[in-house]
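Student: Below you'll find the structure I mean.
The values are calculated or read from the model by the stated rules, or taken from the named source; none is laboratory data. Note that the structure is predicted; figures quoted are calculated from it, not measured. Cβ sites come from the backbone with ideal geometry, for glycine too, and all protein chains shown count toward neighbours.
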Amino acid sequence: MKAHRIALIAACAMAASLSQAQAPAKLKIGLMLPYTGTYAALGIAIENGFRLQIAEHGGKLAGREIEFVKVDDESDPSKATDNVNKLVKRDNVDVLVGSVHSGVAMAMAKVAKDTGTLLIVPNAGADIVTGAMCAPNIFRSSFSNWQPAYAMGEVALAKGAKKAVTITHKYAAGDESVKGFREAFEKGGGQIVKDLSLPFPGVEFQALLTEIASLKPDVVYTFFAGGAAVKFVKDYAAAGLKKNIPLYGAGFLTDGTLDAQGADADGLFTTLHYADSLGTPRDNAFRLAYAKTYKMQPDVYAVQGYDAAQILAIGAAAVKGDLSKKAEFASAVEKAKIDSPRGPFMLSKAHNPVQDIYLRQVTSKENKLVSVAIKGLADPARGCKM
Ligand code: PHB
């Protein structure tokens, strides 16, 4: 072989290895979501939405390829600290994304706070995450439990209800949802005659439904989601309550659940930061892309996953992919208007979306927009010192 050819081959080999050496390390994302149990469908929708947004960036953020490390958290708070520690300490993820269940998210927020790891919460509404536990490295793309619940308290009053019974799973999300509803409902002169609950993720509703029938309130307010929401709506109708006592809920009651609930969900009023018929160009484009990619319709969880990735993309671009620059990451996200399918929103000082809460009604298997219940609603962020 001629000398100049050898030199050329050597130069090419060197260039190749140099460009390999210079390719930035993959950006490691720890996805901690439920893939089994009553919230499994919610975890899948969040991951789908997240991946769709990453795909819209050509599969990379700030020039870094993405590597996912996935954990099924089973919506089990007792396993959450171990699960999140593995992601942070063993897998060395650059950012944590999770979870759905408030108890799991609180454990994630504690580890994020202690280790300084970036955390983006794509669902769990635990008020404390953007309240007393708020931190510069913790962000939420979804809602606080207080937000949709408070709005429904006002809606129930406006519809003339004076006496309500509440029913939910007994854990942070259910308790806080009921508390938010109570705050608005009592402020306007309403009265809660009884709070009913059962342990998560139980679905033995019969005795509680019998109690509702005998209490005869004007309305029932409820927080259930996923598989439990499907069964509750069906059982409520089967018990003959639906025609006599209006059932109101935080919108999770009917989001991602309508195919399984069928006619038993028809007519239900709920409040949430998303609806199926917003009809904006932004939402239409998102819904079309999601349906094409996944052969199913998006729901609020898909939107929240998509927006969690938008928050990451905005922060990552600002620090040119160097996620160790936490202060610059936060400052870019704090200034950003997130172009969400739900409508544009900004984060509060405590890093929770300030957003419109919609009143929706189930019609023909869709959560149809009725009106904006409260415009630009900010969580009070009680206890946040930031
Ligand atoms: C929660 O645990 O915070 C939670 C779970 C499911 C939802 C909403 C909130 O749909």
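Student: Which of the residues spanning the range 49-80 are of a type in the set (Asp, Glu), assigned to a loop (DSSP other than H, G, I, E, B) and more than 22 Å from the chain's Cα centre (by Cα)? Working first, answer last.
Tutor: First pass over the range 49-80, keeping only residues of a type in the set (Asp, Glu): 56, 65, 67, 72-74, 76.
When the remaining residues are screened for being assigned to a loop (DSSP other than H, G, I, E, B), the result is 73-74, 76.
Correct list: empty.
Student: Let me ask you something else. Go through the range 85-130 and count every residue that is assigned to a loop (DSSP other than H, G, I, E, B) and within 16 Å of the ligand (Cβ to nearest atom). Before you say what the answer is, go through the steps one by one.
Tutor: Looking only at the range 85-130, we keep the residues that are assigned to a loop (DSSP other than H, G, I, E, B), and these are 91-94, 99-101, 116-117, 122-126.
From the residues that got through so far, the ones that are within 16 Å of the ligand (Cβ to nearest atom) too are 99-101, 122-126.
Residues in the range 85-130 being assigned to a loop (DSSP other than H, G, I, E, B) and within 16 Å of the ligand (Cβ to nearest atom): 8 in total.
Student: So Leu208 clears everything in (1) part of a helix (DSSP H, G or I); (2) touching a Lys or Arg at 6+ places or on another chain (Cβ under 9 Å); (3) of a type in the set (A, V, I, L, M, F, W, C) except one condition, right? Which one?
Tutor: (2)
Student: Right, here's the next one. Need pairs with beta-carbon distance below 9 Å; first residue over 30 Å from Ala40 (Cβ atoms) and assigned by TED's automatic domain parsing to the domain that holds Leu31 and within the range 301-328, second of a type in the set (Val, Ile, Thr) and away from the ligand (no atom under 16 Å from the Cβ); sequence gap 6+ or separate chains.
Tutor: So the pair list comes out as Ala318/Val333; Lys325/Val319; Lys326/Val319; Glu328/Val319.
Student: Tell me whether the range 159-173 contains one or more residues that are in a helix (DSSP H, G or I), outside the structural domain of Ile44 (by TED's automatic domain parsing) and either out of contact with any Cys (no Cβ under 6 Å at 6 or more places or on another chain) or in contact (Cβ under 8 Å) with a residue 12 or more places away in the chain (or both).
Tutor: Going residue by residue through the range 159-173, those that are in a helix (DSSP H, G or I) are 172-173.
From what's left, outside the structural domain of Ile44 (by TED's automatic domain parsing): 172-173.
Remaining after also requiring either out of contact with any Cys (no Cβ under 6 Å at 6 or more places or on another chain) or in contact (Cβ under 8 Å) with a residue 12 or more places away in the chain (or both): 172-173.
Within the range 159-173, one or more residues are in a helix (DSSP H, G or I), outside the structural domain of Ile44 (by TED's automatic domain parsing) and either out of contact with any Cys (no Cβ under 6 Å at 6 or more places or on another chain) or in contact (Cβ under 8 Å) with a residue 12 or more places away in the chain (or both).
Student: Take the residues in the range 193-203 that are more than 16 Å from the ligand (Cβ to nearest atom) and hydrophobic (A, V, I, L, M, F, W, C); name whichever of them is farthest from Ala40 (Cα to Cα). Full working, then the answer.
Tutor: Our first condition is that a residue be more than 16 Å from the ligand (Cβ to nearest atom); within the range 193-203, this holds for 193-196.
Add one more test, that the residue is hydrophobic (A, V, I, L, M, F, W, C), and what stays is 193, 196.
On the way: Val193: 33, Leu196: 25 Å.
Out of the qualifying residues, it is Val193.
Student: Let me ask something else. Within the group Gly153, Gly160, which residue is surrounded by 24 or more Cβ atoms within 10 Å (Cβ to Cβ), away from the ligand (no atom under 16 Å from the Cβ), over 16 Å from the mean Cα position of the chain (by Cα) and within 29 Å of Gln206 (Cα to Cα)? If you could, list the steps in order and put the result at the bottom.
Tutor: Values: Gly160 fails: surrounded by 24 or more Cβ atoms within 10 Å (Cβ to Cβ).
The conditions single out Gly153.
Student: Condition test on Gln297, is it under 19 Å from the mean Cα position of the chain (by Cα) and surrounded by fewer than 19 Cβ atoms within 10 Å (Cβ to Cβ)?
Tutor: Working: under 19 Å from the mean Cα position of the chain (by Cα): yes; surrounded by fewer than 19 Cβ atoms within 10 Å (Cβ to Cβ): yes.
So Gln297 passes the test.
Student: Among (1) part of a loop (DSSP other than H, G, I, E, B); (2) among the polar types (S, T, N, Q); (3) surrounded by fewer than 24 Cβ atoms within 10 Å (Cβ to Cβ), there is one condition Ser144 misses while meeting the rest; what is its number?
Tutor: (3)
Student: Out of the residues in the range 242-258 meeting the condition of being more than 16 Å from the ligand (Cβ to nearest atom) and within 30 Å of the chain's Cα centre (by Cα), tell me which one is farthest from Phe185 (Cα to Cα). So that I can check it myself, show each step before the final result.
Tutor: Step one: of the range 242-258, the residues more than 16 Å from the ligand (Cβ to nearest atom) are 242-247.
Those still in the list that are within 30 Å of the chain's Cα centre (by Cα) too: 242, 245-247.
On the way: Lys242: 21, Ile245: 17, Pro246: 15, Leu247: 15 Å.
Among residues in the range 242-258 that are more than 16 Å from the ligand (Cβ to nearest atom) and within 30 Å of the chain's Cα centre (by Cα), the one farthest from Phe185 (Cα to Cα) is Lys242.
Student: Kindly provide the set of residues from the range 335-386 that are exposed (fewer than 14 other Cβ atoms within 10 Å of the Cβ), in contact with a strand residue (DSSP E or B) (Cβ under 6 Å, 6 or more places away or on another chain) and in the same structural domain as Ala302 (by TED's automatic domain parsing), ordered by number.
Tutor: Lys337
Student: Can you run down the residue pairs with Cβ atoms below 7 Å, 6 or more apart or on separate chains, where the first is in the range 248-274 and within 13 Å of Ala373 (Cβ to Cβ) and the partner is surrounded by fewer than 24 Cβ atoms within 10 Å (Cβ to Cβ) and among the charged types (D, E, K, R)?
Tutor: Within 7 Å, the pairs are His273/Asp356.
Student: Further question on the same structure: Name the single residue that is farthest from the chain's Cα centre (by Cα) among those in the range 204-231 being within 16 Å of the ligand (Cβ to nearest atom) and free of Cβ contacts under 8 Å to residues at least 60 places away in the same chain.
Tutor: The initial filter retains those residues of the range 204-231 that are within 16 Å of the ligand (Cβ to nearest atom), namely 221-231.
Within this subset, residues satisfying the condition of being free of Cβ contacts under 8 Å to residues at least 60 places away in the same chain are 222, 224, 229-231.
Working: Thr222: 18, Phe224: 14, Ala229: 16, Val230: 18, Lys231: 21 Å.
Ranking the qualifying residues of the range 204-231, first place goes to Lys231.
Student: Counting just the residues of the range 171-192 that are touching a Gly at 6+ places or on another chain (Cβ under 8 Å) and closer than 23 Å to Leu258 by Cα, which one comes out farthest from the ligand (Cβ to nearest atom)?
Tutor: Ser177
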